[in-house]
1. Listed residues 143, 157, 126; which is more than 28 Å from residue 33 (Cα to Cα), at pLDDT 85 or above and outside any strand (DSSP E or B)?
2. Which one of these is open to solvent by 20 Å² or more (accessible area, probe 1.4 Å), touching a residue at least 24 places away in the same chain (Cβ under 8 Å) and either aliphatic (A, V, I, L, M) or farther than 25 Å from residue 189 by Cα (or both): 121, 143?
3. Which of the residues spanning segment 114-123 are of a type in the set (D, E, K, R) and more than 17 Å from residue 86 (Cβ to Cβ)?
Amino acid sequence: MTIVPLLQHVPLFHELSEEDLIGIAPLFTEKKVKKETILFEEGEIGEELFLIQSGVVKIYRLDEAREVTLALFRDGDFFGEMSLLSSGMTRSATAETMASCTLYVLNRTDFTTFMEKSPRLCLKLLETTMQRLRHANDQIYDLTFLGVRSRIIKTILRLSEQHGISTPDGLLIDVKLTHQQLANLVGTVRESVTKVLQELLDDELILIDKKLITLINIEGIQAEIR
């Protein structure tokens, strides 16, 4: 299948004309991978950008053998863009699939050749990189100044913004997460996540079904951040 319709919905390529998208589409290589596949590891030389057609990918680092999840990406998201900015840059984190994925991979050399013809793409790449840097700074702030309970709640709200789907019951976070995976996102232990989720359930602020969280009272959840 052509990936032009997919590219049209990726923020990085929003500024490109359909003619430009048709031109860059053949530079992508399709890659199908199984769940729990390591796509790249922290410290490796990065030469590729990844675009997700379907599936979920987590980006994480290891801190004294403890996994700290930095981001979750799914259908229509991209990652690895830092490798496109400069030759020889090493990966700052590890990428691993959380489900079977269909990916499209763009090599830095091919991208650089195309980018030289498209100043708009250069600006969009810089804008995207800055947005993700601001997000990383927000995470550092939360880890430094917020308590565990507030971090867990704020992470749930952020996931609802990134992966939320409106349903009759409320805003569904369309990514299955175990308590341990959510703990890895927050930078805490599983027991703390279990405790806070149970409190939110008891207060009828969320629903949980088959590892999927639905926010049924967003204002009430926001009020829980202290």
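1. Details: 143 fails: at pLDDT 85 or above; 126 fails: at pLDDT 85 or above.
Among 143, 157, 126, only 157 is more than 28 Å from residue 33 (Cα to Cα), at pLDDT 85 or above and outside any strand (DSSP E or B).
2. Testing whether each residue is open to solvent by 20 Å² or more (accessible area, probe 1.4 Å), touching a residue at least 24 places away in the same chain (Cβ under 8 Å) and either aliphatic (A, V, I, L, M) or farther than 25 Å from residue 189 by Cα (or both) leaves just 143.
3. So in segment 114-123, the residues of a type in the set (D, E, K, R) come out as 116-117, 120.
117, 120, listed by residue number.
The values are calculated or read from the model by the stated rules, or taken from the named source; none is laboratory data. What you see is a predicted model, and the numbers here were worked out from it, not measured in a lab. Don't worry about glycine lacking a Cβ; one is built from the backbone with ideal geometry, like all the others, and counts go over all protein chains shown. Ligands, DNA and RNA are excluded from the accessible area calculation, which covers all protein heavy atoms including side chains. Shrake-Rupley method; radii C 1.70, N 1.55, O 1.52, S 1.80 Å.
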